[in-house]
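The values are calculated or read from the model by the stated rules, or taken from the named source; none is laboratory data. These numbers come from a predicted model, not from an experiment. Please note: Cβ atoms are built from the backbone with ideal geometry, for glycine as well, and neighbour counts cover all protein chains shown. Areas reflect the complete protein model, heavy atoms only, side chains present, ligands, DNA and RNA absent. Shrake-Rupley method; radii C 1.70, N 1.55, O 1.52, S 1.80 Å.
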Number of protein chains: 2
Amino acid sequence: MRETGYTIRTMAARCGMTTHTLRYYERVGLIQPVGRARNGHRRYSDADEAWLNFLHCMRDTNMPIREMQRYAALRENGEASTLERRKILEDHRATIAAQIVALEKAHALLNHKIENYRKIEERIRVPRAAQESTETREFAVAG
Amino acid sequence: MRETGYTIRTMAARCGMTTHTLRYYERVGLIQPVGRARNGHRRYSDADEAWLNFLHCMRDTNMPIREMQRYAALRENGEASTLERRKILEDHRATIAAQIVALEKAHALLNHKIENYRKIEERIRVPRAAQESTETREFAVAG
DNA sequence: TGTTGACTTAAAGCGCGCTTCAGGGAGTAG
DNA sequence: CTACTCCCTGAAGCGCGCTTTAAGTCAACA
């Protein structure tokens, strides 16, 4: 048993997915039917790896499988589809930007709330007498 | 029918959820049993709104319902739980940071790929002859 | 009076993205 | 030969976060 390429196990490890996910992705058309060894086992190429890493990156950023399927399908019919493919990527880039905005808003909010908790903890921890000078007068806002 | 507070409809509108979601959140304990009008209809307070907005913000940033439940439950037993609550928020802040990293990585990747598509489109659009001078020799990397 | 509309509940259903299961084959070590 | 490991397939199952359904109450309006 030789035949070049990575086994499904190896590939799964290399791109941070499970073997199940790799088969699933192939089944739903996210990746073209992959090469096989003589015994029928899958053999992944470096090109497969690059594509899978790309898919992984898109999934990590919440691109729906459906959208990835659209993109993968377009890729099959070559340069005729570059415009449409670019549009998909631009749309996803926009949703990524929106996600970043939401995340940064939440991050800032958490910074405040965490700081507030710290102050409350301080107030509890410190003996009542010692509180005079410190004006820690901000309280929890909705939780 | 008076009795102060927002109706479920109004509240849903104000915090960008559906009425269904508001009832669901109450049912699973994310929000305390809310006040009722004499006819049994829910009446939301400003405090409810603030809390719901906070929940919304956490959900938007992929905090699991389970975690929000934990946090909500802790909130009920007052200052005894500030430490634990702070830990939850700090953990979530960390996952937010991680998400931002992933998103920014993907964003950069998309910038490259989109630019690359633009070049390919250029190459296709421009008459063959005019191509000599432009060294647009970057091709698609895995998609 | 009867119809409309906003609300109520408990329970069932759904879309997503895998994950697990059941059953089988092929190669290798002891 | 047996046992073990790795792979195969098709199908069923699952956890999440709602969403929809079905059936009912109540108040206002024509």
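For this structure, a couple of remarks:
- Extreme residue, farthest from DNA strand C (Cβ to nearest atom), among residues of region A:1-21 that are within 18 Å of A:D60 (Cβ to Cβ), open to solvent by 50 Å² or more (accessible area, probe 1.4 Å) and part of a helix (DSSP H, G or I): A:R14
- Checked against (1) among the aromatic types (F, W, Y); (2) open to solvent by less than 50 Å² (accessible area, probe 1.4 Å); (3) over 17 Å from the mean Cα position of the chain (by Cα), A:Y24 passes all but condition (2).
- Figure legend. Inter-residue proximity from region B:81-101: first residues farther than 16 Å from B:R70 by Cβ, second residues charged (D, E, K, R) and open to solvent by 60 Å² or more (accessible area, probe 1.4 Å), beta-carbon distance below 8 Å, spacing 6+ or different chains. Indicated pairs: B:I100/A:E104.
- Residue count for region A:23-53 under the criterion of being touching a residue at least 12 places away in the same chain (Cβ under 8 Å) and part of a loop (DSSP other than H, G, I, E, B): the result is 11.
- Criterion (open to solvent by less than 70 Å² (accessible area, probe 1.4 Å), out of contact with any helix residue (DSSP H, G or I) (no Cβ under 6 Å at 6 or more places or on another chain) and not charged (D, E, K, R)) met by exactly one of B:T95, B:T82: B:T95
- Subset of region B:30-51 that is more than 10 Å from DNA strand D (Cβ to nearest atom) and among the small types (G, A, S) - its residue that is surrounded by the fewest Cβ atoms within 10 Å (Cβ to Cβ): B:A47
- Residue within region B:52-66 that is more than 9 Å from chain A (Cβ to nearest Cβ), touching a helix residue (DSSP H, G or I) at 6+ places or on another chain (Cβ under 6 Å) and away from DNA strand D (no atom under 11 Å from the Cβ) present: no
- Note on region B:7-29: residues that are within 11 Å of DNA strand D (Cβ to nearest atom) and within 14 Å of another protein chain (Cβ to nearest Cβ) total 2.
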